[in-house]
Amino acid sequence: MDEYRNGYYTQNCHPEEFTWFDSWEYPAYFSHSISLIMIPLNIFGGYCILFQTPKKMEGSKLIMFNLHFWTSFLDLLVSSLLTPYIFFPAMCGITVGIFSWLKVPIIVQVFLAQCGLAGVGVSLVIIFENRHNVVATDRWVIKRKYSRILFYVVNFGYGCFFMTPTYFLIPDQEKTKLDLLKIVPCPTTLYFESNVFVLMDHQGRAFIQAQCTTFFCFLVLEGIFFVTRTVYFLTANNSSLSERTRQLQKKFFKSVCIQVAIPVFIVILPILYCGCAIEWYYYNQAFSNTAVICITFHGISSTIAILSIYEPYRSYTKSCISSILKEKSSSPTTPKNISVTPKPSNNTNRRSTLFNVQV
């Protein structure tokens, strides 16, 4: 590594041309600043779901809170705890979050990131499975409590451990970093630091892609199954639902779809960029940093969608904002000096005496 840095890198690369947006400070400072808004907002969103959900939505409260928990957890990981700095298209990088300061092993941080992503994906499937169970009436409904628990455990277990083989195939770090310089010949100088972690060499990249693609397709197929069947039972004429119940369920299902779609549309571009950068060997550290920052808006957008779409949460949020604005607008009364001249009496001097009284 030292030979490459002192030789080819010094002669052909121009690290002085990198800007602040290429440095680790850009994702670290920006993401940590976002967390100052994100954390209290997500806590407020969780409070609304737990304590402001009306009885008519009681059956979906825990399912909605589960999704909110995982989106908030993923945001916290990306913005504060991990804050990855990745050298796309190479599968290597560092973390510049709180866990790196606490010396948490990098492999543990990678596993937590996998669990966060898997938790969000599985929670999306579960919220649609919940809607399907409410409106469907045939044999494909998961009715038994233990069957549903098994369904959840299998999905979360698969999501958290589908990359386990990769963790036993971690390559030699220095050798692989040198090989990856064939893909990224002129990275930022941080690449040559000893704490840069390589998850997989270039030849093993297809193995990780296959694992992630299989898990993604698994979730998508489940989601398509539940969504299409829910739409069918909400629109079928032979549905056992009454017209009023059907309209209410349609309204709620539309709200769920919007709640899911908003954060997905926000993160789809940065995820597509990362995938294209890996596939086409494109290196731009500023773009990679920006993609990581955009992903931190996933949870914030989901919380804002929850507070905006569902009427009980929207009303409570409006009442809280109104109370805050009302308190700020009502300023305390300023003490004033009032002159009081007592009436003269026969037993006192007739000269007027001035008293200053505060009210």
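How far is helix 25-51 tilted off the main Cα axis of the chain, in degrees rounded to 10, range 0 to 90?
Its long axis makes an angle of about 60 degrees.
What are the aspartates and glutamates whose alpha-carbon lies under 19 Å from the alpha-carbon of Lys175, with same-chain residues fewer than 8 places away excluded?
Cross-link targets: Asp2, Glu3, Glu193, Asp201.
Run the dipole for the chain about the Cα centre, Lys and Arg Cβ at +1, Asp and Glu Cβ at -1, nothing else charged, and hand back the magnitude in debye, nearest 20.
That gives the chain a dipole magnitude of about 2760 debye.
Below 8 Å, C-alpha to C-alpha, sequence gap of six or more: please give me the relative contact order for the chain in percent.
25 percent
Taking the mean number of other Cβ atoms within 10 Å as a proxy for protection, how do you rank 143-150, 126-133 from highest to lowest?
Top to bottom by mean Cβ count within 10 Å: 126-133, 143-150.
Compute the FRET efficiency between Glu327 and Leu50 as 1/(1 + (r/R0)^6), taking r as their Cβ-Cβ distance and R0 = 30 Å, and round to the nearest 0.05.
So the FRET efficiency works out to roughly 0.75.
Going Cα to Cα from Lys61, which lysines come in below 22 Å? Please leave out same-chain ones fewer than 8 positions away.
Those lysines meeting the cut-off are Lys143, Lys145, Lys250, Lys251, Lys254, Lys318.
Taking the highest mean first, how do the peptides 116-125, 74-83 order by number of other beta carbon atoms within 10 angstrom per residue?
Averaged packing, sorted descending, gives the order 74-83, 116-125.
Of Asn12, Asn155, Asn284, which is the most mobile in a GNM of the chain whose springs link Cα atoms less than 10 angstrom apart?
In this elastic network of the chain, the residue with the biggest mean-square fluctuation among Asn12, Asn155, Asn284 is Asn12.
Work out how much length Ser240 to Leu102 would gain on full extension: take 0.36 nm times their residue separation and subtract the Cα-Cα distance, in nm to one decimal.
44.0 nm
Could you work out how far apart the two model spin labels at Asn133 and Ile309 are, taking each label as a point 7 Å from the Cα in the direction of the beta carbon, and quote it in nm?
It works out to 2.0 nm between the two label points.
For segment 176-221 and segment 270-312, what is the separation of their Cα centres, given in Å?
19 Å
Post the alpha-carbon centroid distance, segment 1-58 to segment 75-119, in whole angstrom.
Spelled out, the Cα-based centre of one part sits 10 Å from the other.
In angstroms, what radius of gyration and Dmax does segment 1-138 have, counting Cα atoms only?
Just the Cα atoms of segment 1-138 yield Rg and Dmax of 20.9, 70 Å.
Would you please give the FRET efficiency between Cys320 and Ile271, computed as 1/(1 + (r/R0)^6) with r the Cβ-Cβ distance and R0 = 35 Å, to the nearest 0.05?
Once the sixth-power term is evaluated, E becomes 0.55.
So how far apart, in nm, are the two label points at Cys217 and Ser33 if each is 7 Å from Cα heading toward Cβ?
If labels sit at Cys217 and Ser33, their model points lie 4.3 nm apart.
Can you give the extra length, in nm with one decimal, that the chain gains between Phe21 and Phe111 once fully stretched, where that is 0.36 nm per residue apart less the Cα-Cα distance?
So the extension gain works out to 29.7 nm.
Please give the calculated 222 nm ellipticity per residue for the chain, where each DSSP H segment of at least 4 residues contributes -39500 (n - 2.57) and the sum is spread over every residue; nearest 500 deg cm²/dmol?
Rounded to the nearest 500, the figure is -21000 deg cm²/dmol.
Just need the Rg to Rh number for the chain, please, alpha carbons only, Kirkwood Rh.
Answer for the chain: 1.20.
Mean-square fluctuation check for the chain, GNM, Cα pairs under 10 Å: which of Ile321, Ile208, Ile170 is largest?
Ile321
Please compute the modelled spin-label separation between Glu174 and Met57, points set 7 Å along Cα→Cβ, answer in nm with one decimal.
Label at Met57, label at Glu174, 5.8 nm between them.
Please pull out the direction-averaged projected area of segment 103-229, using the convex hull of its alpha-carbon atoms, in nm² to one decimal place.
Hull-based average projected area comes out at 10.1 nm².
Listed highest first by mean packing, meaning other Cβ atoms within 10 Å per residue, what order do 51-57, 213-219 come in?
Peptide ranking by packing, descending: 213-219, 51-57.
Along each of the three principal axes of the Cα atoms of segment 236-298, give the extent in whole Å, ordering the values from largest to smallest.
So the three principal-axis extents are 57, 22, 9 Å.
Bear in mind that the values in this text are calculations on the coordinates, not laboratory data. All values derive from a computational prediction rather than experimental measurement. Methodologically, a virtual Cβ is constructed for each residue, glycine included, from the backbone with ideal geometry; neighbour enumeration extends over all protein chains shown.
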